[in-house]
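Let me begin by presenting the structure, written as structure tokens, before commenting on it.
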Amino acid sequence: MTGIDAARPSAGPAPLTAEMEADYHRDGFLLLPADHLPADLLAELVAAVPGILAQQGPQRVLERDAVTVRSVYGPHRTDPVVARISRSAHLAGAARQLLDDEVYVHQSKINLKAAFAGDQWEWHQDYINWRDRDGIARADLVNVTVFLNEVNEFNGPLTFIPGSHRYGLLDGTDTDGMPVGYEDGPNWMATLTATEKFQVDRSAIRRLAEQGGLVNPKGPAGSVLMFHPNVLHASSPNLSPFDRAMLLMVYNGVHNAPRPVDNPRPEFLAEREIAPIALSV
Ligand code: SIN
Ligand code: MN
């Protein structure tokens, strides 16, 4: 993977190179160089995180211990800094390039994965929820993740099976009922916890990992990681003494807007205002 072009226009970030685009389409993920996001934007974002984590309401999901914050959903709707960064050419522009469409944010979240207590994410593909729960017809979305701490081998990095997105949605078992620790929660909570509701067949995970291997992109705070909604991914609990906070924004192409569904999820999980982002620098 090469760096961003040296001849960066002063009006904004350089587009992804053809090689970066090819890497993304081959592997299903792409880690951008650590200087992709300007330092002042990162500093503003990091400063906004404590306020977002302190939000009260159903958009804040706790770990099984019922104490530690696991995720806060929808900060692009509630926090002015995240709202602005979600429109930046550095992030929305890259999403637009990969999707070859105008984009909007379908979902955003901060996953804290707190030191000592941040729990796992089991193997899964994201698109099954966006298709079956939110009525999105095609897997033409992309996750754009900003590391808010250094991500290393100790604090529960996202782990991918390269190339697994090219097989579409894989077979598995949709489990019923609520996960342990969330028995009294609303139905939508079942897809947000350490126990995946849809369990991809382990034989498929093993076969794809034997073919493609496992990769866990690591880097300093500010690194930007993009990944495909069908790439198989997971992350381990964080036993280290260091948080692993990430902002994840899911951009969807405006031509792939959700269709009406029965029992729509709350707006902090599935955006219903479909307005193409006008890029800011
Ligand atoms: C993680 O934060 O490690 C998992 C996020 C995801 O599955 O999208
Ligand atoms: Mn996921």
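All of the numbers you see were taken from the coordinates with simple rules; none came from a lab. Treat the numbers as computed from the prediction; the structure is a model and nothing was measured. All Cβ positions, even for glycine, are placed from backbone atoms using ideal geometry, and neighbour counts span all protein chains on display.
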Volume per residue of the C-alpha convex hull in region 150-233, rounded to whole Å³: 130 Å³
About the Cα centre of the chain, what is the dipole size in debye to 20, counting +1 per Lys and Arg Cβ and -1 per Asp and Glu Cβ, all else neutral? 120 debye
Filter the DSSP H helices in the chain by two things, a Kyte-Doolittle mean of at least 1.6 and an axial alpha-carbon span of 18 angstrom or more, and list the hits by number. 39-53
Once the other residues with Cβ under 12 Å from the Cβ of ILE161 are scored (Lys, Arg +1; Asp, Glu -1), what is the net sum? +1
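How much space per residue, in cubic angstrom, does the convex hull of the C-alpha atoms of region 1-118 take up? It would help to have the intermediate numbers written out before the result.
Numbers: hull volume 16.6 nm³, N = 118.
Hull volume normalised by residue count: 140 Å³.
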For LYS197, go through the aspartates and glutamates and keep the ones whose alpha-carbon is under 17 Å away, minus same-chain ones fewer than eight residues off. GLU63, ASP119, GLU122, ASP126, ASP132, ASP134, ASP171, ASP174, ASP176, GLU183, ASP184
D for region 38-183, whole µm²/s, Stokes-Einstein with Kirkwood Rh over alpha-carbon pairs at 4 °C and 1.567 mPa s: what number? 75 µm²/s
The distance between the Cα centres of region 182-214 and region 229-253, in whole Å, is 14 Å
Taking only Cα atoms and a 10 Å spring cutoff, compute GNM fluctuations for the chain and point out the largest among LEU112, LEU208, LEU247. LEU208
On the formula 1/(1 + (r/R0)^6), with r taken between the Cβ atoms of LEU214 and PHE154 and R0 of 22 Å, the FRET efficiency rounded to 0.05 is 0.85
By the scheme Lys and Arg +1, Asp and Glu -1, what is the net charge of all other residues having a beta-carbon under 13 Å from that of ALA95? -3
Of HIS233, HIS255, HIS106, the most mobile residue in a GNM of the chain (C-alpha springs, cutoff 10 Å) is HIS255
Using a simple charge model, +1 on the beta-carbon of Lys and Arg, -1 on the beta-carbon of Asp and Glu, nothing else, what dipole does region 150-281 show about its Cα centre, in debye to the nearest 20? 460 debye
When DSSP assigns beta bridges and you keep just the ones with both residues in the chain, what percent turn out antiparallel, to the nearest 5? 95 percent
What residues of region 118-138 lie in the reach of a label at THR175, counting those whose backbone N is under 12 Å from a point 7 Å from the Cα along Cα→Cβ? 122-123
What are the residues whose amide H is under 5 Å from the amide H of SER240, where those residues sit 5 or more places off or on another chain and H is modelled from the backbone? PHE116
Select from ALA14, ALA54, ALA117 the residue whose mean-square fluctuation is largest in a Gaussian network model of the chain (Cα-Cα springs shorter than 10 Å). ALA54
In whole Å, what are the Cα extents of region 27-71 along the three principal axes, biggest one first? 36, 30, 15
How big is D for region 58-122, in µm² s⁻¹ as a whole number, if Stokes-Einstein is applied with the Kirkwood radius of its Cα pairs at 37 °C and 0.692 mPa s? 245 µm²/s
With the crude spin-label approximation of a point 7 Å out along Cα→Cβ, what separation in nm comes out for GLN55 versus ARG259? 3.0 nm
Helix-only CD estimate at 222 nm, as mean residue ellipticity for the chain, using -39500 (n - 2.57) per DSSP H run (n ≥ 4): -6000 deg cm²/dmol
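Would you kindly state how much longer the chain becomes between ALA47 and ALA278 on full extension, computed as 0.36 nm times their sequence separation minus their alpha carbon distance, in nm to one decimal?
On the way: separation 231, 0.36 × 231 = 83.16 nm, distance 2.45 nm.
That works out to 80.7 nm of additional length.
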Give the average over all directions of the projected area of the C-alpha convex hull of the chain, one decimal, in nm². 13.9 nm²
For region 127-219, the dipole about the Cα centre with charges only on Cβ (Lys and Arg +1, Asp and Glu -1), to the nearest 20 debye, works out at 380 debye
